[in-house]
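Contents: one structure, followed by commentary.
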Amino acid sequence: MVFDNFVGTNKKADMKIIEIQDVTKTYRLNKKTGNIITAVNHVSLDIEDGEILGLLGANGAGKTTLIKIMLDLIKTDSGRIIIDGYDVAKHREKALKEVGAIVEEPTLFSDFTGMENLKYFAKLQNAHINEEKIKSIVKLVGLEDRIDSKFKSYSLGMRQRLGIAQALIHSPKILMLDEPTNGLDPNGIIEMRELFKSLKNELGITIIISSHILSEMQQLCDRVAFMVKGEIKAVKTMDEVNFGVDKLKKFALECGDLQKAKKILEDMELSVQKSENMLIIRATQSDISKAIKALVQNDIDIYSLARQKRKLEDLYNEVSLSKSISEEVAK
Ligand SMILES: Nc1ncnc2c1ncn2[C@@H]1O[C@H](COP(=O)(O)OP(=O)(O)OP(=O)(O)O)[C@@H](O)[C@H]1O
Ligand SMILES: [Mg+2]
């Protein structure tokens, strides 16, 4: 048993690529009054190798501050960040060697073409980055058609893509993106999501992405950290966000003869409610399989069965999200 635990812990430790350890950052708002604001308040979080982690929080929650701390762009009051085994504040270069990031506006020259910008940036990186490599990144971010146009002629979506290309130029293992879909239209958001997924799936890149809109994270992230007023209130897998940790899940069943079906399920001691033209069943995954079998054996036609996503209120109560996030979530 002890051995099992040991192996288990060790395995997990191997998977961590970033460790945020009890990080706090305060800003002094007014020298005279000594008024301070705690932008990041005792935050601890492990980020696993290869995951997409969403940092969700309302305006002012501390997302940008936390990302800037991870990039050593601002210093903490206390706590530390370990990336790839290196303390960012002590071994900046080694810790950030494999990190690409977009925080606020990427620095790109408006009179240069997209390609010229990338070549310039590649030179700055001092690494051996040849043209083929740059072209493959351009293809990856879907900018091939416009890469020879001047940056100033780019739409917002193209600018974001070039920013991501820039962040990818030194083949990082980790990408940190502060609200990368800000200002994009719905199509642009979908395209970005597909791009991030392929960076994760094809290149195994770990991605940390901040947003104030849960629905954007729902189809992208493996886990979401809920940030409220500088604190991380909860970290949940997407499955927990959508369906809760309760073993009993809600299923919506559309089938023939609803009355008869309801009776059969109740006889199996399942909790069933009729809602319009469907039955809402609370059951475990294995009980629902048995239930469907029983219905089919009783000649009930099954039209559809879907796990129901939880309502916003459930999440709201669980995480005590601030009102402004919940409004965004509700959209
Ligand atoms: N340089 C600064 N000086 C003083 N206060 C600051 C500074 N930078 C951030 N803050 C404060 O720290 C808190 C967290 O800000 P931060 O920018 O990290 O939030 P955010 O979650 O990124 O918000 P948004 O969604 O608006 O980008 C806010 O109250 C903000 O006013
Ligand atoms: Mg921000």
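Restricting attention to segment 245-290, the residues that are under 21 Å from R310 (Cβ atoms) and of a type in the set (K, R) total 5.
The set of residues in segment 31-61 being out of contact with any Ser or Thr (no Cβ under 9 Å at 6 or more places or on another chain) and assigned to a strand (DSSP E or B) consists of N35, S44, L45, D46. Of all residues in segment 159-189, those satisfying the criterion of being under 19 Å from L71 (Cβ atoms) and within 16 Å of ligand 2 (Cβ to nearest atom) are Q160, G163, M176, L177, D178, E179, P180, N182.
Quick grid of which residues meet (1) closer than 30 Å to E48 by Cα; (2) surrounded by 16 or more Cβ atoms within 10 Å (Cβ to Cβ):
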residue: L184; (1), (2): yes, yes
residue: E191; (1), (2): yes, yes
residue: L203; (1), (2): yes, no
residue: A234; (1), (2): yes, yes
residue: S271; (1), (2): no, no
residue: Q285; (1), (2): yes, no
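Mind checking whether some residue in segment 103-113 is hydrophobic (A, V, I, L, M, F, W, C), at pLDDT below 90 and within 16 Å of ligand 2 (Cβ to nearest atom)? Yes, that holds for at least one residue. All conditions in (1) modelled with pLDDT of 85 or more; (2) in contact with a strand residue (DSSP E or B) (Cβ under 7 Å, 6 or more places away or on another chain); (3) assigned to a helix (DSSP H, G or I) hold for I325, with the sole exception of (1). Taking G57, is it in contact with a strand residue (DSSP E or B) (Cβ under 6 Å, 6 or more places away or on another chain), within 16 Å of ligand 2 (Cβ to nearest atom) and of a type outside the set (A, V, I, L, M)? Answer is yes for this residue.
The rows are residues; the columns are (1) under 17 Å from M176 (Cα atoms); (2) surrounded by 16 or more Cβ atoms within 10 Å (Cβ to Cβ).
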residue	(1), (2)
A58	no, yes
T65	yes, yes
L71	yes, yes
I81	yes, yes
V88	yes, yes
E104	yes, no
G114	no, yes
Y120	no, no
I129	no, yes
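Where helices (runs of 4 or more DSSP H) fall wholly inside segment 79-162, the ranges with 3 or more residues that are farther than 29 Å from L55 by Cα and not aromatic (F, W, Y) are 114-124, 131-140. Of the strands (runs of 3 or more DSSP E) lying entirely inside segment 172-275, those carrying at least 2 residues that are β-branched (V, I, T) and at pLDDT 95 or above are 206-211. G256 meets each of the listed conditions (1) touching a residue at least 40 places away in the same chain (Cβ under 8 Å); (2) within 24 Å of N59 (Cα to Cα); (3) away from ligand 1 (no atom under 16 Å from the Cβ) apart from (2).
Would you confirm whether or not segment 3-12 contains a residue that is aromatic (F, W, Y) and at pLDDT below 90?
Taking segment 3-12 as the starting set, the residues that turn out to be aromatic (F, W, Y) are 3, 6.
Adding the requirement that they be at pLDDT below 90 leaves 3, 6.
There is at least one residue in segment 3-12 that is aromatic (F, W, Y) and at pLDDT below 90.
The values are calculated or read from the model by the stated rules, or taken from the named source; none is laboratory data. Fair warning: this is a prediction, and the values are worked out from it, not measured in the lab. Cβ atoms come from the backbone with ideal geometry, glycine included; neighbour counts cover every protein chain shown.
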